[in-house]
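Below is one structure, written out as structure tokens, with a few remarks after it.
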Amino acid sequence: MTLVSLAGVGVRFGTRELLKDVSFVVVRGERWGVLGRNGSGKTTLFNLIRGDLEPSGGTVVRSSGLRVTVMDQYRDFGDALTVWKAAADAFAELFALERALGEQAERMAAAGDAVTPAMLERYDRDLHRFEREGGYAAAARVDAVLHGLGFDPDRARTQTIASLSGGERGRVALARQLAAPADLLLLDEPTNHLDLETTLWLEGYLRSLDAAVLLITHDRALLEAFADHILHVESRTATPYTAGYSAFVAQRAERRLAAQRAYHQQASKIAKEEDYIRRNIAGQNSRQAVGRQRRLARLPRLGPPPGEEDVMAVRLEAKERGGDQVLVADGVRIAFGDRVLLAGFGATVRRAEVVGLVGANGAGKTTLLKVFTGERPPEEGAVRIPESVALAHYRQDLAQVPEEKTLFDAIADRRSRWTRGQVQGHLGRYGFSGDSVLRRCGTLSGGERARMALALMELDQANFLAFDEPTNHLDVESIEALEEALGDFDGTVILVSHDRALLRALATRVWLLHDGRITDYPGTFAEWEAASAERAHAARVAAQEEEALRRVKEQKQMRRAQDARKKEESVQRSARRALEQAEAEVARCEGEVERIKATLADPDLYLTPDGVRRAATLGRELDAAQRALESAFEAWGRLSGVG
């Protein structure tokens, strides 16, 4: 089923053309990765799909009743005070209906026989709607999404929005989008505030949906695992690929190569034609030259194909080699009040190692980097960095970029001997050219600030680099440029990141920060992933075995309980039968006594000698019957618990 179709779409803002000739179709169940450099128009495409922006040309067709969800970048949760209420926002009307159903049921119960057909009809109609719209599964769905994104669903019911950090608010906004019923999800960099574990959960969750998903992300590992279509936004248009990420990379290279060949062939042909025209326009062949000139004027010119020349060019070079021992941590303890982030940590980092520092959000990775850089002291222990080691720190909050300075001044102040051309050339390698170098740093977007932070870091010429989530604001091609630069860097790196592709390419050692301890894995990130997967598999198998044993034990206990219950029921049945038999015997004996007494009370019995003898016999029978009745009463009393 086609959900959205764009045909020949263009977008203009005044004289500026942002997009042109964009055409693609999104079908239910498809998973699209949307790629392009920062500022290329990816978010504009989302606005077109949602209907928040009308195209300057072409058409956007949406299926009737299409439900589209998008994460609120401003994180406005309305009047929701708690995390759970904010995440369950899409179901507010459904939960109100559930409360109304409860109130209707109470009124009908109170009315009793006075319940009217109208009351029953309304209840049936509302109940059918509640079931049809998934009311019984709504709360469980919200709980599952919150749990997957690192929240405790029970605590979320009382945890206030006001108490959350910026990253946590971002995860709540993502939870609200994922929990909402939708035919099409538009996700814009959802992993920016996720750690490795929650990113893996998101990957599995998105793959399980039957809705269509359009995902803007710089996470190449997520793209590789998730996408079956790619939309590449480049050169003011968007090219769809029916391919996963790896296949897209290969196809894009082939397409660029073909475009370059066509461009160069046309340029060569044009140059030859122009040369002929110049040589012959005033000579004997002027008529032919004029004809060629006209044909050349009508020829559609191919633009130069997008290449790699305008990709950020990072150069990370150390001024000095430094010693072989770069960092020594001894008995380090880090805490915030009563909360211990790290205890008893000791390690040695050696030259040329790339340490991947991973762990859950809030575990203390950023704080540990601040201890390494000397920004804050540890509560206990010490960190030693030799004088021959120069450390540069890429901060996650990008606070190293001076907001009040222009880009030009920020570089010129660090390189007072550089000429204006050298400063502009340096900024140009990071995507800043022309008048943009005169912008104030405080006006930069997140991606621009990230590139400026790298431009400043290069000037440090440090031999020890500490990175805190450097990929958060970069596009894929910029990340690849950074990855290449770090791969060529001959110094030491500590890398805090949730970008699995970057960690796989670079990390030679892994530190896992968890529950106040660091597990030091002496291998690559890919090897650590494999080992972690094996441990997780072994843990699942052990848990399954434990669960199976628990079930067997429970079944045995249930069988014993069932056997005991059956035995008890059998005893009770026997006791009931015996009691019934005793009651019957009492009734029989009572009848026998009454029969004999009635016979003895007959005056005619005593009129003849035989009657007198008969009366004597009946007297003896009465004594025996009364003794039998007493015995029957005693037996009945024992069985019934009387006496």
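Contact order, relative form, for the chain: 13 percent (alpha carbon pairs under 8 Å, 6 or more residues apart, mean separation divided by residue count). Applied to segment 138-153, the Karplus parametrisation 6.51 cos²θ - 1.76 cosθ + 1.60 on θ = phi - 60° returns per-residue 3J(HN,Hα) values of 4, 5, 5, 5, 4, 4, 5, 5, 4, 4, x, 9, x, 9, 8, x Hz, with x for Gly and Pro. Here the 3J(HN,Hα) profile of segment 594-611, calculated from phi with Karplus coefficients 6.51, -1.76 and 1.60 at θ = phi - 60°, is 5, 5, 5, 4, 5, 5, 5, 7, 7, x, 5, 5, 9, 7, 10, x, 4, x Hz, Gly and Pro shown as x. From the alpha carbon centroid of segment 486-551 to that of segment 59-105 is 37 Å.
For segment 539-643, the solvent-accessible area of protein heavy atoms averages 77 Å² per residue (probe radius 1.4 Å; ligands and nucleic acids excluded).
Within segment 495-630, how many Lys pairs that are eight or more residues apart, or on different chains, come under 26 Å at the alpha-carbon? Lysine pairs, 8 or more places apart or on different chains, close enough: 4. Put simply, the amide H of Tyr394, placed in the peptide plane, has neighbours under 5 Å in Ala466, Phe467, Asp468, leaving out anything fewer than 5 places away on its chain.
Residues in segment 282-295 carry Karplus couplings, in order, of 10, x, 5, 9, 5, 5, 4, 5, 5, x, 5, 4, 5, 4 Hz; the curve used is 6.51 cos²θ - 1.76 cosθ + 1.60 with θ = phi - 60°, and Gly or Pro positions show x.
Tell me which label goes with the value of Cα extents along the principal axes in Å computed from the coordinates here: (1) 122, 61, 48; (2) 175, 70, 42; (3) 115, 51, 39. Recomputing Cα extents along the principal axes in Å here picks out (2).
A straight Cα-to-Cα reach below 22 Å connects Lys20 with the lysines Lys42, residues fewer than 8 places away in its own chain not being considered. Using only the alpha-carbon atoms of segment 569-640 as identical scatterers, what base-10 log of I(q)/I(0) does the Debye formula give at q = 0.13, 0.27 Å⁻¹? Debye intensities relative to I(0), on a log10 scale: -0.49, -1.08.
Loop-resident chymotrypsin sites (Phe, Trp or Tyr not before Pro) (DSSP state other than H, G, I, E or B) in segment 78-156 with no more than 12 further Cβ atoms inside 10 Å of their Cβ are absent. Considering only Leu486, Leu101, Tyr430, the residue lying farthest towards the positive end of the dipole of the chain is Tyr430, judged by Cα position with unit charges set on Cβ.
Order the following by accessible area, largest value first: Lys597, Lys553. Probe radius 1.4 Å; ligands, DNA and RNA are ignored. Write out the running numbers ahead of the final one.
Working: Lys597 90, Lys553 125 Å².
Final ranking, largest accessible area leading: Lys553, Lys597.
Can you pull the percent of segment 539-624's accessible area that's carbon plus sulfur, 1.4 Å probe, other chains left in place? List each step's numbers first, then the result.
Numbers: 3590 of 6690 Å².
Ligands and nucleic acids excluded, carbon and sulfur reach 54 percent.
Count charges around Leu369 for me, please; just the other residues with Cβ under 14 Å from its Cβ, Lys/Arg as +1, Asp/Glu as -1.
Details: positive: Lys365, Lys370, Arg376, Arg395; negative: Glu375, Asp397, Asp468, Glu469.
Summing Lys and Arg as +1 and Asp and Glu as -1 gives 0.
Judged by the ratio a/c of the largest to the smallest principal axis of the C-alpha gyration tensor, segment 444-511 counts as oblate, that ratio being 1.5 or greater while a/b is no larger than b/c.
For segment 224-272 versus segment 326-396, the spacing of their alpha-carbon centroids is 44 Å. In the assembled protein chains, Asp604 presents an accessible area of approximately 100 Å² (probe radius 1.4 Å).
Peptides 614-624, 16-26, 48-58, 215-225: what's the order by average Cβ count within 10 Å, highest mean first?
Numbers: 614-624: 13.2, 16-26: 16.8, 48-58: 15.2, 215-225: 22.6.
The densest-packed peptide leads the list: 215-225, 16-26, 48-58, 614-624.
Taking amide H as placed 1.01 Å from N in the peptide plane, the amide H of Thr492 sits under 5 Å from that of Ala352, Phe464, Leu465, each at least 5 places away or on another chain.
Take Asp210: with every protein chain present and a 1.4 Å probe, its accessible area is about 110 Å².
Loop only per DSSP, at most 16 neighbouring Cβ atoms within 10 Å: give me the trypsin sites (Lys or Arg not before Pro) in segment 105-176, ordered by residue number. List each step's numbers first, then the result.
Details: sites: Arg107, Arg122, Arg125, Arg129, Arg132, Arg141, Arg155, Arg157, Arg169, Arg171, Arg176; in loops: Arg157.
Answer in residue order: Arg157.
Within the assembled protein chains, the solvent-accessible surface assigned to Thr160 is about 60 Å², based on a 1.4 Å probe.
How much of the accessible area of segment 261-413, in percent, comes from carbon and sulfur atoms when a 1.4 Å probe is used? Mind dumping the intermediate values first?
Working: 4170 of 9040 Å².
The nonpolar share, carbon plus sulfur, comes to 46 percent.
Find out how many positive minus negative residues lie around Thr237, taking Lys and Arg as positive, Asp and Glu as negative, among other residues whose Cβ is under 12 Å from that of Thr237. Summing Lys and Arg as +1 and Asp and Glu as -1 gives -1. Between Gly356 and Leu495, Thr508, Arg509, Val510, Trp511, the built amide H atoms are under 5 Å apart, and every one of these is 5 or more places off in sequence or on another chain. Antiparallel beta bridges, as assigned by DSSP with both residues in segment 375-524, represent about 40 percent of the total such bridges.
The values are calculated or read from the model by the stated rules, or taken from the named source; none is laboratory data. Since we're looking at a predicted model, the values are computed, not measured. Quick reminder, even Gly has a Cβ in these numbers, built from the backbone with ideal geometry, and neighbours come from all protein chains shown. Calculation scope for accessible area: heavy atoms of the full protein, side chains included, ligands and nucleic acids excluded. Shrake-Rupley method; radii C 1.70, N 1.55, O 1.52, S 1.80 Å.
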